[in-house]
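Student: Provided herewith is a single structure, encoded as structure tokens, for subsequent inquiry.
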Amino acid sequence: ETGSHTAGDALEKKGKCDKVDATTSTSGSTASCSIPTLAFPSISTAGFQFDLEKASDIIVEKVEEYMVDLSHGSKILSLVKTKAAKKNIDSNKFSTFVGDITQLRSCGSLICNVIANPTNREIKPGGGGVNAAVFKAAGFELEVATKERAEKLAAGECVVVPLPSSSPWFCAEGVTHVIHVLGPNMNPKRPDCLKADYTKECKILREAYSSLFEGFVSIVK
Ligand code: AR6
């Protein structure tokens, strides 16, 4: 009963899914058990154009801090995997997976009931990437549940939103919670770009992962 077993099964099936990154923290669960499990993508590294080397350092640092298993995939995931191996992070507890984060169970045989969503400041649907996919999969129920808890996020913050059981995503994939998290933006075409001030941005990305993992811990408790 290990996370790496789960990740291995999933990796064999990845060809059926779209090739997008989804880093998953398995917390030691397998596809057949109900221990809360968090799936999170690499925050800020696509729409928000964060530097991959710096982002992968921060993911590994935060994963090590919060102890979670890494496997393989795209550039960001292979950077994370290599760096995690150098730090001897327990691969039974944290894995990476390449596939659509909204179809982890149906496409990857991964049970992840908590999904992290790198969102925008207004926590609104659309914009592309994970945020667009998550709001589409979860339906209007997620929009309503989100508005009840938060209107806006500052960079580095997150909000935990229980997903109503009436949501199609709850039924199809067993997702019970979404954690919206706002990462730092390095994309000049998006609002609030800090123009490659990486000292400040790295601090905010660290805060984003810390608040994400704290949010997950609050669900587990
Ligand atoms: N499943 C798994 N991983 C994905 C998926 C998916 N369906 N789609 C993208 N990725 P991004 P950001 C990977 O852009 O950089 C939105 O417009 C992607 O390859 O979702 O934090 C929001 O509204 C990358 O590794 O998030 C915000 O305005 C990672 O997920 C903004 O983009 C994160 O990419 C947030 O940008």
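The values are calculated or read from the model by the stated rules, or taken from the named source; none is laboratory data. The structure presented is a predicted model; accordingly, all values stated were derived computationally and were not measured. Positions of Cβ are generated from backbone atoms using ideal geometry, with glycine treated the same way; all protein chains shown enter the neighbour counts. Accessible surface is based on the protein model in full, side chains and every heavy atom, while ligands, DNA and RNA are left aside. Shrake-Rupley method; radii C 1.70, N 1.55, O 1.52, S 1.80 Å.
Student: Would you check if residue 135 is at pLDDT 95 or above, farther than 18 Å from residue 120 by Cα and of a type in the set (Phe, Trp, Tyr)? Explain how you work it out, then say what you get.
Tutor: On the way: at pLDDT 95 or above: yes; farther than 18 Å from residue 120 by Cα: no; of a type in the set (Phe, Trp, Tyr): yes.
So residue 135 does not fit the description; no.
Student: Across the stretch 38-78, what is the number of residues that are near the ligand (Cβ under 9 Å from one of its atoms), modelled with pLDDT of 85 or more and assigned to a loop (DSSP other than H, G, I, E, B)?
Tutor: Selection size over the stretch 38-78: 10.
Student: Just wondering, is there one or more residues in the stretch 181-204 that are part of a strand (DSSP E or B) and either surrounded by 14 or more Cβ atoms within 10 Å (Cβ to Cβ) or in contact with a helix residue (DSSP H, G or I) (Cβ under 9 Å, 6 or more places away or on another chain) (or both)?
Tutor: Yes - at least one qualifying residue is present in the stretch 181-204.
Student: In the stretch 99-118, which residues are outside any loop (DSSP other than H, G, I, E, B) and more than 17 Å from residue 55 (Cα to Cα)? Quick ask: steps written out before the conclusion?
Tutor: The initial filter retains those residues of the stretch 99-118 that are outside any loop (DSSP other than H, G, I, E, B), namely 101-108, 114-118.
Residues satisfying the conditions are 101, 102, 103, 104, 105, 106, 107, 108, 114, 115.
Student: Can you confirm whether residue 171 is in a helix (DSSP H, G or I) and either within 17 Å of the chain's Cα centre (by Cα) or modelled with pLDDT of 95 or more (or both)? Steps first, please.
Tutor: On the way: in a helix (DSSP H, G or I): yes; either within 17 Å of the chain's Cα centre (by Cα) or modelled with pLDDT of 95 or more (or both): no.
Here the answer is no, as residue 171 does not meet what is asked.
Student: Identify the residue in the stretch 102-128 that is touching a Phe, Trp or Tyr at 6+ places or on another chain (Cβ under 8 Å) and among the hydrophobic types (A, V, I, L, M, F, W, C) and, among all such residues, is surrounded by the fewest Cβ atoms within 10 Å (Cβ to Cβ).
Tutor: If we take residues in the stretch 102-128 being touching a Phe, Trp or Tyr at 6+ places or on another chain (Cβ under 8 Å) and among the hydrophobic types (A, V, I, L, M, F, W, C), then 114 is surrounded by the fewest Cβ atoms within 10 Å (Cβ to Cβ).
Student: Please specify each residue of the stretch 129-153 satisfying the condition of being open to solvent by 40 Å² or more (accessible area, probe 1.4 Å) and either more than 13 Å from the ligand (Cβ to nearest atom) or over 14 Å from the mean Cα position of the chain (by Cα) (or both). Let's see the steps before the verdict.
Tutor: Within the stretch 129-153, the subset open to solvent by 40 Å² or more (accessible area, probe 1.4 Å) is 129, 136, 140-141, 143-144, 147-149, 151-152.
136, 140, 141, 143, 144, 147, 148, 149, 151, 152 - these are the residues of the stretch 129-153 that are open to solvent by 40 Å² or more (accessible area, probe 1.4 Å) and either more than 13 Å from the ligand (Cβ to nearest atom) or over 14 Å from the mean Cα position of the chain (by Cα) (or both).
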